[in-house]
Amino acid sequence: MPTDAIDDITGFIQQVTGAMGLSVTTTVTQADSGPRIDIDGEGADVLLWHRAEPLKALQHLVDMVFGRRLSDEERVFLDCCGYRKGKDQELRQMARFLAGKVRQTGLDQELGPLNPYERRIVHMAVAEEPGVATESIGDAHLKTVIISVKR
């Protein structure tokens, strides 16, 4: 991703959080799937209130405003005080645990409802596990992931 696009995104985050009365810093790291922007600083924990709904809303705004500037393979990920990093790890562990349970019992396991970002994490974690497969079911934004024996 071009540096000017990242600067525009971090500037946007600074404007939004500044309007909220927060004094935050942003740190950008490059991942395979696109830049990861970590938000930290005084009052940043406000973004984590109510199960991180403000952070999710800010993520949505960034996606809507800057999404067209990214290639199909890239996505900007926002995190705050390491919250999503920890949640992502928990979700990967749960997906692996359920994949093991499927292998042991042969019974399908459900995980969800999950948003697209969370479903992607589950699909990727289970893809690394032998003998199991995943499928998303549901109509809306939030879908359930079914982990089953690979057929």
Filtering the range 1-45 for residues that are over 19 Å from G86 (Cα atoms), in a helix (DSSP H, G or I) and of a type in the set (D, E) leaves a count of 3
So L48 ticks every box in (1) on the phi < 0 side of the Ramachandran plot; (2) in the same structural domain as D7 (by TED's automatic domain parsing); (3) outside any helix (DSSP H, G or I) but one. Which box is left unticked? (3)
Can you name the residue in the range 4-30 that is acidic (D, E) and without any contact (Cβ under 8 Å) to a residue 40 or more places away in the chain and is also nearest to L47 (Cα to Cα) among such residues? D7
Residues (surrounded by 17 or more Cβ atoms within 10 Å (Cβ to Cβ) and either closer than 19 Å to D88 by Cβ or under 13 Å from the mean Cα position of the chain (by Cα) (or both)) located in the range 5-47: T26, P35, R36, I37, D38, I39, A44, L47
Filtering the range 64-93 down to residues that are of a type in the set (D, E) and surrounded by fewer than 15 Cβ atoms within 10 Å (Cβ to Cβ), which residue is modelled with the lowest pLDDT? D72
Go through the range 92-151 and give me each residue that's touching a residue at least 12 places away in the same chain (Cβ under 8 Å), closer than 25 Å to H60 by Cβ, among the charged types (D, E, K, R) and outside any helix (DSSP H, G or I). K143
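The values are calculated or read from the model by the stated rules, or taken from the named source; none is laboratory data. This structure is a prediction, so every number in the text was calculated from the model and none was measured. Cβ sites come from the backbone with ideal geometry, for glycine too, and all protein chains shown count toward neighbours.
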